[in-house]
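First comes the structure, then the notes that go with it.
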Amino acid sequence: MEQFAERQKANSGLSTTSLVLGIISIVISIIPIVNYLIYLLAPIGLICGIIAIIQSQSLTKSIIGIILCLVSVVAPIVLGGFIIEYLFEILDLL
């Protein structure tokens, strides 16, 4: 019984780690220049979330952490595209 409780606590830690790294990655992805840190944090959060799902503990936290990590990687690319498009529109007006 003690082993099960220990294993459950470790899995909960992985899902919490995934969730926290996902939240940090989302916040950092909005900040220019610093957003390169997401390419270090997001994969770690993604791996922790996947491991927690495989071990079938705290599925909700794990899935939310994985989604946040994926969104944090895509967000700077999309925002960068909008910024470039906006800059081209400004240059066309000149």
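Can you report the number of residues in the range 56-65 which are surrounded by fewer than 16 Cβ atoms within 10 Å (Cβ to Cβ) and either more than 8 Å from residue 15 (Cα to Cα) or of a type in the set (Asp, Glu) (or both)?
Of the residues in that region, 2 qualify.
Name the single residue that is surrounded by the most Cβ atoms within 10 Å (Cβ to Cβ) among those in the range 74-94 being under 21 Å from residue 23 (Cα atoms) and not hydrophobic (A, V, I, L, M, F, W, C). Before the answer, list the steps.
Our first condition is that a residue be under 21 Å from residue 23 (Cα atoms); within the range 74-94, this holds for 74-80.
Then drop every residue that is not not hydrophobic (A, V, I, L, M, F, W, C), which leaves 76, 80.
Numbers: 76: 19, 80: 12.
Going through the qualifying residues, I end up with 76.
Would you check which residues across the range 42-55 are touching a Leu at 6+ places or on another chain (Cβ under 8 Å) and either more than 11 Å from residue 68 (Cα to Cα) or free of Cβ contacts under 8 Å to residues at least 12 places away in the same chain (or both) and list them? Lay out the reasoning, then the answer.
The initial filter retains those residues of the range 42-55 that are touching a Leu at 6+ places or on another chain (Cβ under 8 Å), namely 42, 44-46, 48-49, 51-53, 55.
Correct list: 44, 48, 51, 52, 53, 55.
Going by what's in this entry, would residue 71 be described as at pLDDT below 90, surrounded by fewer than 16 Cβ atoms within 10 Å (Cβ to Cβ) and in contact with a helix residue (DSSP H, G or I) (Cβ under 7 Å, 6 or more places away or on another chain)?
On the way: at pLDDT below 90: no; surrounded by fewer than 16 Cβ atoms within 10 Å (Cβ to Cβ): yes; in contact with a helix residue (DSSP H, G or I) (Cβ under 7 Å, 6 or more places away or on another chain): yes.
The answer is no for residue 71.
Of all residues in the range 44-55, how many are surrounded by fewer than 19 Cβ atoms within 10 Å (Cβ to Cβ) and under 23 Å from residue 27 (Cα atoms)?
Residues that pass the stated criteria total 3.
The values are calculated or read from the model by the stated rules, or taken from the named source; none is laboratory data. All values reported here derive from a predicted model rather than from experimental measurement. Positions of Cβ are generated from backbone atoms using ideal geometry, with glycine treated the same way; all protein chains shown enter the neighbour counts.
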